[in-house]
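The values are calculated or read from the model by the stated rules, or taken from the named source; none is laboratory data. As the structure is a computational prediction, the values presented were derived from the model and not from experiment. Reconstructed Cβ throughout: ideal geometry from the backbone, glycine too, with neighbour counts over all protein chains shown. Note: accessible area is taken over every heavy atom of the protein model, side chains too, but ligands, DNA and RNA are not part of it. Shrake-Rupley method; radii C 1.70, N 1.55, O 1.52, S 1.80 Å.
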Amino acid sequence: RAKLEGGSRIIFFKAVMGETIKERYRIERELRHAITRNQLRMYVQPQWEGGCKPVGVEALIRWEHPQRGLILPGMFIPLAETSDLIVAVDRWMLDAVCRLLGRLERDQQLTRVSVNISPRHFQQPDFVEEVKRKLSLSGADPAQLVLEVTEGLVIGDFADVIAKMTELRAMGVHFSMDDFGTGYSSLAYLKRLPIHEIKIDKSFIQDITTNPNDAALVESIVAVAQHLHLQVVAEGVETPEQAAFLNRLGTIIHQGYLYGRPQPVEQWLEQISP
Ligand code: C2E
Ligand code: MG
Ligand code: MG
Ligand code: MG
């Protein structure tokens, strides 16, 4: 009997493993189709300077699955990032963002739009060309485009990263260091990369009013950023107390549920159109 139980446990384990790999392939296949079958959606979340003045939005991807409904990026971006699939997904999003910027430009709405760029996408040899082409085809103002990169980028060819960033910056495109504080040796990169903004990760903002260590960390990050003349965005601002704390530190751009959850871009456009 013991033997049988052990055996069935192994069979169960194998089944689960099999499921996982199968599941993985299924998601990859479906995601590939999602791009061509028009199931990807652009959501946007507002960013407010000093917590009082809307200055832009961050574009965040969603997958409208015909059977499973709206899927959050946490469920498919990490998987997509293990292969070139992320390049296709990111390209779709960059295209949508440039079109949005083109439309905002024609409507004379001065609004910046930030978009997340995966390291693998940035590392494509034609990345700079792609951004240039998408900006010019859409009639977008390059100065309103913010490319959010992460420290994961610097694991690659550092000289290549600097060269690409410098070329895009010369066109007016801005760079933001996302999830700041969650990686390592962030400060060293800050000095060497031509970025103009850092985004403090929401895990630090969450407890700023209750945890003195987090408060001290955020204060220090902001102080360093100010010395380096970098713009600061605080992610995950959920309460007026957190906003008040940030306002005491300087003019910071706030992003979080306090100002609005990510919403479909069409809905946001309706809200801001006069
Ligand atoms: P991120 O770039 O750090 O984006 C911020 C995340 O925090 C978003 O999650 C946003 O909905 C969430 N958030 C904003 N305000 C609050 C708040 O007040 N409280 C809490 N608890 N959360 C808040 P989301 O949309 O699920 O995106 C997760 C991550 O997926 C993003 O993190 C980004 O790394 C990635 N991602 C999203 N869209 C894209 C894309 O088009 N391309 C790539 N490569 N990655 C993307
Ligand atoms: Mg981001
Ligand atoms: Mg991120
Ligand atoms: Mg972030």
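If you go through the range 101-126 one residue at a time, how many are of a type in the set (D, E, K, R), in a helix (DSSP H, G or I) and more than 18 Å from Leu137 (Cβ to Cβ)?
1
Every residue in the range 58-100 that is outside any helix (DSSP H, G or I) and touching a strand residue (DSSP E or B) at 6+ places or on another chain (Cβ under 9 Å), please. So that I can check it myself, show each step before the final result.
First, pick out the residues of the range 58-100 that are outside any helix (DSSP H, G or I): 58-72, 76, 81-84.
If the condition is that a residue be outside any helix (DSSP H, G or I) and touching a strand residue (DSSP E or B) at 6+ places or on another chain (Cβ under 9 Å), then Glu58, Ala59, Leu60, Ile61, Arg62, Trp63, Glu64, His65, Leu70, Ile71, Leu72, Phe76 are the ones that fit.
Gly156: on the phi < 0 side of the Ramachandran plot, within 16 Å of ligand 1 (Cβ to nearest atom), surrounded by fewer than 14 Cβ atoms within 10 Å (Cβ to Cβ) and not aliphatic (A, V, I, L, M), yes or no? Steps first, answer last, please.
Details: on the phi < 0 side of the Ramachandran plot: yes; within 16 Å of ligand 1 (Cβ to nearest atom): yes; surrounded by fewer than 14 Cβ atoms within 10 Å (Cβ to Cβ): yes; not aliphatic (A, V, I, L, M): yes.
Considered against the rule, which asks whether it is on the phi < 0 side of the Ramachandran plot, within 16 Å of ligand 1 (Cβ to nearest atom), surrounded by fewer than 14 Cβ atoms within 10 Å (Cβ to Cβ) and not aliphatic (A, V, I, L, M), Gly156 comes out as yes.
When the residues of the range 203-213 are narrowed to those that are within 16 Å of ligand 4 (Cβ to nearest atom) and open to solvent by 20 Å² or more (accessible area, probe 1.4 Å), which ends up nearest to the chain's Cα centre (by Cα)?
In this case the residue turns out to be Ser203.
Of the residues that make up the range 192-207, is at least one in contact (Cβ under 8 Å) with a residue 24 or more places away in the chain, over 29 Å from Glu105 (Cα atoms), in contact with a helix residue (DSSP H, G or I) (Cβ under 7 Å, 6 or more places away or on another chain) and among the β-branched types (Val, Ile, Thr)?
Looking for residues that are in contact (Cβ under 8 Å) with a residue 24 or more places away in the chain, over 29 Å from Glu105 (Cα atoms), in contact with a helix residue (DSSP H, G or I) (Cβ under 7 Å, 6 or more places away or on another chain) and among the β-branched types (Val, Ile, Thr), one finds at least one in the range 192-207, hence yes.
Does the range 52-87 hold any residues that are open to solvent by less than 20 Å² (accessible area, probe 1.4 Å) and among the small types (Gly, Ala, Ser), and which are they? Write out each step before concluding.
Narrowing the range 52-87 to residues open to solvent by less than 20 Å² (accessible area, probe 1.4 Å): 56-59, 61, 63, 65, 76, 80, 85-87.
Matches in the range 52-87: Gly56, Ala59, Ala80.
Could you list, in sequence order, the residues of the range 74-114 that are within 16 Å of ligand 4 (Cβ to nearest atom) and either more than 16 Å from Val131 (Cβ to Cβ) or among the small types (Gly, Ala, Ser) (or both)?
Gly74, Ile77, Pro78, Glu81, Ser114 - these are the residues of the range 74-114 that are within 16 Å of ligand 4 (Cβ to nearest atom) and either more than 16 Å from Val131 (Cβ to Cβ) or among the small types (Gly, Ala, Ser) (or both).
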